[in-house]
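Let me begin by presenting the structure, written as structure tokens, before commenting on it.
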Amino acid sequence: MKEKFVLFKDLGIIIVPDGYVHGTRLDSFRKKNWKRFYYYNENIMDANFPNPSRILKSGDKLWIRAFKQIVFGTTTSEERMAFLATRKAVFTSAQGASLILEQKRDQLPRGFYYVSFDKKKRLWKDADGYHGTPYVRRTLDGDCRFGLGNFESDGNDDYCLLCFCE
């Protein structure tokens, strides 16, 4: 079977900082950092992402890698999550993406979306029934976006998978 994804960037280790509080992480991150972003989706808040598959705690260390799609066409979110499962990834949702922005932002190659997946049932659902999948986007000129894609939408080779491993 042909591989669909390959290692694009090893971002090394992130450490969940002292004082990290899961229940207020996203709101406090936004308050502190939103001016640093070209775009920040207002729906990335604690109330919308209260229960990721892996709840982070102060002192946790996670190895972060970004994998890029190498096959022509699109892949589904289910295919992407199945690939991450083969790497023994843990799903940290928006909270994990916020730590990438805080600790590894300048290491992300420009021009790509970096998606932080979680199980569909754990993602925020909008009024149209789509499940918000958090992503970080580094534009070619260096601007940064913190947004939400749709779990129901397919991805292509502009999208990289954030792989969080313990």
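What the table below lists for this structure:
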| item | result |
| --- | --- |
| The chain pair-distance distribution - Cα-Cα, 5 Å bins, rounded % | 1, 9, 20, 23, 23, 16, 6, 2, 0, 0 |
| Paramagnetic reach from F72 in segment 148-166 [backbone N under 19 Å; point 7 Å along Cα→Cβ] | 155-159 |
| Antiparallel content of DSSP bridges confined to segment 5-165, in %, to 5 | 85 |
| Net lengthening on full extension, K57/Y38 (0.36 nm per residue, minus Cα-Cα) | 4.0 nm |
| Cβ-based net charge around T92, under 11 Å, with every Lys or Arg adding one and every Asp or Glu removing one | 0 |
| DSSP loop trypsin sites (Lys or Arg not before Pro) with at most 11 other Cβ within 10 Å excluded, longest remaining stretch of the chain | 89-166 |
| 0 to 90° range, to nearest 10: angle between helix 77-86 axis and the chain longest Cα axis | 90 |
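Readers should treat all values here as calculations from the given coordinates under stated rules, not as data from a laboratory. Quantities reported herein were computed from a predicted structural model and do not represent experimental measurements. Methodologically, a virtual Cβ is constructed for each residue, glycine included, from the backbone with ideal geometry; neighbour enumeration extends over all protein chains shown.
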